[in-house]
Amino acid sequence: MDNPGKFYITTPIYYVNARPHIGHTYTTVVCDAIARRQRMMGVDTFFLTGTDEHGQKIERSAAAAGCSPKEFADKVSGEFRTLWDRMKITYDDFIRTTEPRHMRGVQALFTRLQERGYIYKGSYSGQYCVSDELYVDAVGPGAPCPECGRPTETVHEENYFFKLSAMQEPLLKYYAEHADFIRPETRRNEVIAFVRGGLRDLSVSRTSFTWGIPVPGDPRHVIYVWLDALANYMTALGYGSDDPRDQEKLARYWPADVHMIGKEIVRFHCVYWPAFLIAAGLPLPRSIIAHGWLLFEESKMSKSRGNIVRSETILDTLGQDALRYFLLREIVFGQDGSFSFDALVQRFNGDLANGLGNLSSRTLSMITRYFDGEVPYPSKAASLNAGFIDHETALKSQAEKAIQQFNEKFDKFDFSGALKDLWFFIAAVDGYIAETHPWSLAEEKSPDSRAQLGTILYTAAEALRIITVLAYPMIPDATAKIWRQLGLGEIERFDLPSLTWGQLQIGTELGKVEPVFPRADKSMIERMQQMEQQRSEPTPSPEEGGKGGAPDVKKTESQPAGTGAEAGQPATEAVAGSQGSGAPVIASTGTSGTSPSTDKIAIDDFLKVEMRVGEIKVAEKVKGADKLLRMEVDIGSEVRQVVAGIAKAYDPEKLIGRKVVIVANLQPRKLRGLESNGMIVAASLDDGLPVLAGFLEDVPVGAKLK
Ligand code: ME8
């Protein structure tokens, strides 16, 4: 280490185009647990998180919400911060890329790269994925992004380019000399293979929109959002500032020890970021650690799929430790893992309420009842007499082993394994109490039995103390409560390296004993599911007191891409019947001959029609039916087979990845022997081919239209 005794850890800075969900919470909780533990180890720790606020994606989301990008970013960034505060995330700084300190730093980095000859002016013509803010080597308008499968957009622009091609050899050399730079190994191998395959220069500015940091001296250009975003890790420490305090901070903490990220942004962090730093002559981070994805309903939890779960639902019901414990225990770090409300409640009841909670309340209540709330004296003689000595010796050595194993696993980021071992130890302490049955000794009232009782309760309390302090970085709230109930004060100040068996002082006065994890009953699952459903419903504006899923920045009336709908009014014509083929299509142009006044329907009638945003995953021609296509459409909650008469208008290959509107609650029907489960909405022109309804802005799969 260049700066021994310091530790600098970062989360990605999260995009503000959508509210936080438990995927974001996962990375942040992992970093928080690591940071808390480092502080307990006596290490000077700096933990950074923040929000990524520039770029075309945010500009479009703001436009869709009817407000300025800054207003939009203020709102969503505030929500991230509020959530982290509720989750008791101990970040030391929260950087926003719209802050002057960051913008100044990014411009300084850009200038430095320019001065060192790594940036030149050229022009870019090719595909761009707005959702990933990624230049894509793909051909043709609408070609799918290799990362997310969404259609790419064609960009023809004058750009500044970064000489990424010149970085191939320096990067490969760096990876070879720093085996721990990219972890886990699978990601490292992928990155090396990618770089070996050759690197093309990277466009690092855009001119077709303005929501970004201007290129110094050429403000028609804004700096590419990933160059802007990655620099946060240094600008937050003061890169680009002349203030000596900032310079000192930068010198103290940079390079970062850990950049924690999800696996989908490995290329940006492991190729672009080190390339920028090498070119700028700046030190590289020590490690980039990529974890797996949190899945929900079998696919990656993400806003664009619409399959998200919000942390607030769990905070409002089971509390932050329940969520933290679940994420760290249930997901094997580095791999993908699934979230479900059932599994959450099962873990909560099994491990927290019945496990740690029960051990804590039974041990501390007995000390309160039988010893007036003072930690009793452990008598070796008494346990010899009672024949418990073997149990106690065994428990002590199990405790020592638990400390060692926990430390080893935690340090290897094996949080799940560390907790699993620790909970084995909880089970061993429970077993010890069950075998020595202190409650019957309490009834005997002889001096011997009292000494034996004291010994058992001391032993159980000491084991509880060790479990509590080890689990603290992962479940800080409950453990801090248990610590106070143990009469030990502030847990975060505990000196972790000194932890050994036998430190609990005899005569310590316990605090008020209260349950830390009240059991959750079955109805909790339903309650959380209902809360999620309410949260994901379209949001009334803040003026209307709404509290829903989409960022409620301003009242917006997003107009469904339909036929002549007025703002906020549903496009009622968009669900007309079928065409000659009998295939479920499509909209009419409004010339259906119905009288406008007599055939108006009530809103309730319209609300019976459930329209959702779907994404076409598979599309193919139906044999023997030249008008029909068979498609598989992801509508968020499931993938549906839909057969539609659009084959004359659309090549199946071009439809993959396209977002469409699906009428989701139609009864299934059979077409050419294939079940069609839903209807695709399109305009049906009197003398032309059908035209699929779509969206100009990015919309999440599964979103409801109304
Ligand atoms: O990529 N499972 O921001 P972002 C696990 N702004 N982790 C998840 C997750 C899931 N389902 N969903 C999100 C960006 N995450 C850029 C980063 S950094 C210089 C710029 C977590 O809002 C995970 O850490 O899309 C992932 O990498 C990150 O959120 C992506 O957040």
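The values are calculated or read from the model by the stated rules, or taken from the named source; none is laboratory data. Quick caveat, the model's predicted, so the values are computed rather than measured. Every residue, glycine as well, gets a Cβ built from its backbone with ideal geometry; the counts of neighbours run over all protein chains shown.
For residue 45, are the conditions met, namely being within 22 Å of residue 294 (Cβ to Cβ), out of contact with any Asp or Glu (no Cβ under 6 Å at 6 or more places or on another chain) and not small (Gly, Ala, Ser)?
Against the criterion (within 22 Å of residue 294 (Cβ to Cβ), out of contact with any Asp or Glu (no Cβ under 6 Å at 6 or more places or on another chain) and not small (Gly, Ala, Ser)), residue 45 does not qualify.
Residues in region 81-97: is at least one among the aromatic types (Phe, Trp, Tyr), closer than 30 Å to residue 128 by Cβ and within 10 Å of the ligand (Cβ to nearest atom)?
Checking region 81-97: not a single residue is among the aromatic types (Phe, Trp, Tyr), closer than 30 Å to residue 128 by Cβ and within 10 Å of the ligand (Cβ to nearest atom).
For every residue, the table says whether it meets (1) of a type in the set (D, E, K, R); (2) within 13 Å of the ligand (Cβ to nearest atom); (3) outside any strand (DSSP E or B); (4) buried (at least 23 other Cβ atoms within 10 Å of the Cβ).
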| position | (1), (2), (3), (4) |
| --- | --- |
| 7 | no, no, no, no |
| 20 | no, yes, yes, yes |
| 37 | yes, no, yes, no |
| 42 | no, no, yes, no |
| 45 | no, no, no, no |
| 61 | no, yes, yes, yes |
| 70 | yes, no, yes, no |
| 76 | no, yes, yes, yes |
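In region 313-327, what count of residues is obtained for those that are more than 14 Å from residue 525 (Cβ to Cβ) and buried (at least 24 other Cβ atoms within 10 Å of the Cβ)?
Looking only at that region, the number is 5.
Kindly evaluate residue 99 against the criterion of being charged (D, E, K, R) and out of contact with any helix residue (DSSP H, G or I) (no Cβ under 9 Å at 6 or more places or on another chain). Working first, answer last.
Numbers: charged (D, E, K, R): yes; out of contact with any helix residue (DSSP H, G or I) (no Cβ under 9 Å at 6 or more places or on another chain): no.
Against the criterion (charged (D, E, K, R) and out of contact with any helix residue (DSSP H, G or I) (no Cβ under 9 Å at 6 or more places or on another chain)), residue 99 does not qualify.
Taking region 225-255, which residues are crowded, with 21+ Cβ neighbours inside 10 Å and either assigned to a helix (DSSP H, G or I) or at pLDDT below 95 (or both)?
225, 226, 227, 228, 229, 230, 232, 233, 234, 235, 253
If residue 299 satisfies every condition in (1) surrounded by fewer than 18 Cβ atoms within 10 Å (Cβ to Cβ); (2) more than 13 Å from the ligand (Cβ to nearest atom) but one, which is the exception?
Among (1) surrounded by fewer than 18 Cβ atoms within 10 Å (Cβ to Cβ); (2) more than 13 Å from the ligand (Cβ to nearest atom), the lone unmet condition for residue 299 is (2).
Would you please list the contacts, defined by Cβ atoms under 8 Å and residues six or more apart or on different chains, that run from a residue in region 321-339 that is assigned to a loop (DSSP other than H, G, I, E, B) to a residue that is of a type in the set (A, V, I, L, M, F, W, C) and crowded, with 22+ Cβ neighbours inside 10 Å?
Here the result reads 331/294; 333/30; 333/415; 334/290; 336/294, each pair linking region 321-339 to a residue that is of a type in the set (A, V, I, L, M, F, W, C) and crowded, with 22+ Cβ neighbours inside 10 Å.
Among (1) part of a loop (DSSP other than H, G, I, E, B); (2) surrounded by fewer than 21 Cβ atoms within 10 Å (Cβ to Cβ); (3) within 16 Å of the ligand (Cβ to nearest atom), there is one condition residue 54 misses while meeting the rest; what is its number?
(2)
Please tell me if residue 347 is of a type in the set (D, E, K, R), free of Cβ contacts under 8 Å to residues at least 40 places away in the same chain and closer than 30 Å to residue 431 by Cα.
yes
Can you pull out every residue in region 663-706 that is touching a residue at least 40 places away in the same chain (Cβ under 8 Å), among the polar types (S, T, N, Q) and either more than 20 Å from residue 636 (Cα to Cα) or surrounded by 14 or more Cβ atoms within 10 Å (Cβ to Cβ) (or both)?
Across region 663-706, the qualifying residues are 676, 684.
Filter region 9-18 down to residues that are part of a loop (DSSP other than H, G, I, E, B) and of a type outside the set (A, V, I, L, M, F, W, C), then give me how many there are.
3
With a cut-off of at least 1 residues that are of a type in the set (D, E, K, R), name the strands (runs of 3 or more DSSP E) lying wholly within region 637-699.
Strands (runs of 3 or more DSSP E) meeting the threshold: 639-644, 659-663, 669-671, 674-676.
Within region 478-504, restricting attention to residues that are of a type in the set (Val, Ile, Thr) and in contact with a Phe, Trp or Tyr (Cβ under 8 Å, 6 or more places away or on another chain), which residue is farthest from residue 357 (Cα to Cα)?
Per the criteria, the residue is 491.
Looking only at region 175-205, which residues are part of a loop (DSSP other than H, G, I, E, B), aliphatic (A, V, I, L, M) and buried (at least 16 other Cβ atoms within 10 Å of the Cβ)?
Those that are part of a loop (DSSP other than H, G, I, E, B), aliphatic (A, V, I, L, M) and buried (at least 16 other Cβ atoms within 10 Å of the Cβ): 199, 204.
Results for (1) buried (at least 21 other Cβ atoms within 10 Å of the Cβ); (2) in contact with a helix residue (DSSP H, G or I) (Cβ under 6 Å, 6 or more places away or on another chain), shown as yes or no for each residue.
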{"residue": "445", "(1), (2)": "no, no"}
{"residue": "453", "(1), (2)": "yes, yes"}
{"residue": "457", "(1), (2)": "yes, yes"}
{"residue": "460", "(1), (2)": "yes, yes"}
{"residue": "466", "(1), (2)": "yes, yes"}
{"residue": "477", "(1), (2)": "no, yes"}
{"residue": "480", "(1), (2)": "no, yes"}
{"residue": "483", "(1), (2)": "yes, yes"}
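Is it fair to say residue 119 is in contact with a Cys (Cβ under 6 Å, 6 or more places away or on another chain), modelled with pLDDT of 95 or more and of a type in the set (A, V, I, L, M, F, W, C)? Steps first, answer last, please.
Working: in contact with a Cys (Cβ under 6 Å, 6 or more places away or on another chain): no; modelled with pLDDT of 95 or more: yes; of a type in the set (A, V, I, L, M, F, W, C): yes.
Considered against the rule, which asks whether it is in contact with a Cys (Cβ under 6 Å, 6 or more places away or on another chain), modelled with pLDDT of 95 or more and of a type in the set (A, V, I, L, M, F, W, C), residue 119 comes out as no.
Could you check region 256-285 and list, in sequence order, the residues that are more than 13 Å from the ligand (Cβ to nearest atom) and either part of a loop (DSSP other than H, G, I, E, B) or at pLDDT below 95 (or both)?
If the condition is that a residue be more than 13 Å from the ligand (Cβ to nearest atom) and either part of a loop (DSSP other than H, G, I, E, B) or at pLDDT below 95 (or both), then 257, 281, 282, 283, 284 are the ones that fit.
Answer with yes or no whether residue 416 is buried (at least 16 other Cβ atoms within 10 Å of the Cβ) and in contact with a Phe, Trp or Tyr (Cβ under 7 Å, 6 or more places away or on another chain).
yes
Restrict the check to region 117-128 and report whether at least one residue is surrounded by fewer than 21 Cβ atoms within 10 Å (Cβ to Cβ), under 29 Å from residue 700 (Cβ atoms) and under 23 Å from the mean Cα position of the chain (by Cα).
no
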